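First comes the structure, then the notes that go with it.
Laboratory data are not the source of any read-out in this text; all were calculated from the coordinates shown. Keep in mind the model is a prediction, meaning the values are calculated, not measured. Cβ: placed from backbone, ideal geometry, glycine included. Neighbour counts: every protein chain shown.
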Amino acid sequence: MKDRSSHCEARVDSGRSARALVTGSNDGSILEALRASERKYRALVENANSIILYWTQDGCITFLNEFGHRFFGYSEGEILGRHVIGTIVPEIESTGRDLRALLSQIAADPVSFEHNVNENVRRNGERVWISWTNKVAFDEGGRVEGVLSIGTDITEQKRAEAERKAAHELLENIIEFMPDATFVIDEEKRVVAWNRACESMTGVKKETVLGKGDYAYGEPFFGERRPMLVDLLDMTSSEAEAFYKYVRRTEDALYAESFIPRLRGGEGAHLWGAARKLFDQEGRRRGAIESIRDVTEEKRIERALHESESKYRTLFETAGDAIFLMRGSHFLDCNARTLAMFGCTREQILGAQPFDFSPRTQPDGRLSEESAFDKIKKALLGEPQLFEWEHCRWDKTPFAAEVSLNSLRLGGEVLLQAIVRDISARKG
């Protein structure tokens, strides 16, 4: 560094004339004009709110304006004659780029580097980003003498760009790994995101659809270019129903369901989708996002449950024994045989408890309420109960019954089923 600095210092005096080069010419008549108005131009240079730097082709700093001194933290005596590398330019940028190599490229072919952006460093070690505009200065023989560089601090801009990039990458990662098939279109209806779940659902890789518009995103699903849910956001619900069999709208989103025959290897799939408009920080609309879920299996289970419930209801209503459904100790439902056996209406049964239709005590001497709770507790724990019980009809007439009590899961909750058989005739 000492050799490099010494070499630069030897050239400072010749570089003092760089003040005249701020206007970029060595023509004699122009130099005379510049000398006549040197004070005015010097004032312009020194009071500029940009960094004005003159450096020789081999990297020696021979001029830096007052703004540049303040910005980088060097006095004139501390910076003039020094090499740019090791003072205002770090050897290696934080991005990993070798700035020594960049400087060599600029020095070898300065005309090709009219503009460049690179990381610089202040005297206190703070890294900053500068956008440079460069103008080559030639001597009277047409040889490159140096480079006049005007710099603008864009550190905050770069930081904001980095934050936006990080946020964008985070959003891309979130979309990419969402379990639902998800794609995003921009305001021109071009695909800008197509996640792994989309690839899996349609068999179409993202490279095939990214950047494409004209409803290209509809083709992997429907076999033709046609509107998807994202295209219906500005339609009324009735208009959207022309494309989907079920549509529901909220304030800022649209939901729909449809059967797509060409998916699942031609077997078809029931899809549920949600679409929402996307806006930037200024509230400008920038596109839309759609997420799609394959609910084929859920539909199959739903149909099976419906069929099962229908069969159960048929058996429930035609059974020869009284059947109760209970939530805890309260009657939730009962069949027609129950009403005949107990001589009451459905309204009188629902919400009541077993001991409401029992004498105070059972033949074994136990309180009906205490005994009923004990058997209900065991049934809820998965222990089926089979026992004899004395019931009372609505008119308080007692009768002997045989009760089977079991737990079952129905509609996502655990209920109890009690089957009551009148055995009073058998008891004599």
Fill in: Whole-number percent relative contact order across segment 47-206, with pairs defined as alpha carbons under 8 Å at least 6 apart
17 percent
Worksheet item: For the chain, modelled as a GNM with alpha-carbon contacts under 10 angstrom, which of Ile260, Ile376, Ile174 fluctuates the most?
Response: Ile376
Worksheet item: What is the diffusion coefficient of segment 313-411 in µm²/s, taking the Kirkwood radius over Cα pairs and the Stokes-Einstein relation at 25 °C with a viscosity of 0.890 mPa s?
Response: 176 µm²/s
Discussion item. Please enumerate, by chain and number, the lysines with C-alpha under 28 Å from the C-alpha of Lys212, excluding those fewer than 8 residues away in the same chain.
Written reply: Lys165, Lys189, Lys245, Lys277
Worksheet item: Suppose R0 equals 22 Å; then what is the FRET efficiency for Asp280 and Lys158 from their Cβ-Cβ distance, rounded to the nearest 0.05?
Response: 0.65
Practice prompt. Starting from the Cα of Val414, step 7 Å along the direction of its Cβ; do the same at Glu297; then give the gap between the two resulting points in nm.
Written response: 2.5 nm
Worksheet item: Which of the aspartates and glutamates could a cross-linker span from Lys158 if the Cα-Cα distance has to be under 17 Å and same-chain partners fewer than 8 positions apart are dropped?
Response: Glu93, Glu119, Glu126, Glu169
Worksheet item: Do the sum for the chain: with -39,500 (n - 2.57) for every DSSP H run of n ≥ 4, divided by all residues, what is the mean residue ellipticity at 222 nm, to the nearest 500 deg cm²/dmol?
Response: -9000 deg cm²/dmol
Discussion item. As an exercise, use a Förster radius of 25 Å and the Cβ-Cβ distance of Ser131 and Ala167 to find the FRET efficiency, rounded to the nearest 0.05.
Written reply: 0.65
Worksheet item: Under a plain spin-label model, where a point goes 7 Å from the Cα along Cα-to-Cβ, how far apart in nm are Gln348 and Tyr312?
Response: 2.8 nm
Item to complete: Please give the FRET efficiency for Arg360 paired with Glu239, using the beta carbon to beta carbon distance and R0 = 56 Å, rounded to the nearest 0.05.
Response: 0.25
Fill in: Relative contact order (%) - the chain, alpha-carbon pairs under 8 angstrom, separation at least six
7 percent
Item to complete: Could you list the square roots of 5 times each eigenvalue of the Cα gyration tensor of segment 342-394, that is, the equivalent ellipsoid semi-axes, sorted largest first and rounded to whole Å?
Response: 20, 15, 9
Worksheet entry | Mean separation of Cα contacts under 8 Å (6+ apart) over length of segment 241-338, as relative contact order % | 15 percent
Discussion item. Give me the extension gain from Asp395 to Arg264: residue separation times 0.36 nm, minus the current Cα-Cα distance, reported in nm with one decimal.
Written reply: 41.0 nm
Worksheet entry | Paired Rg and Dmax values of the chain, which use every Cα atom, in angstrom | 42.5, 137
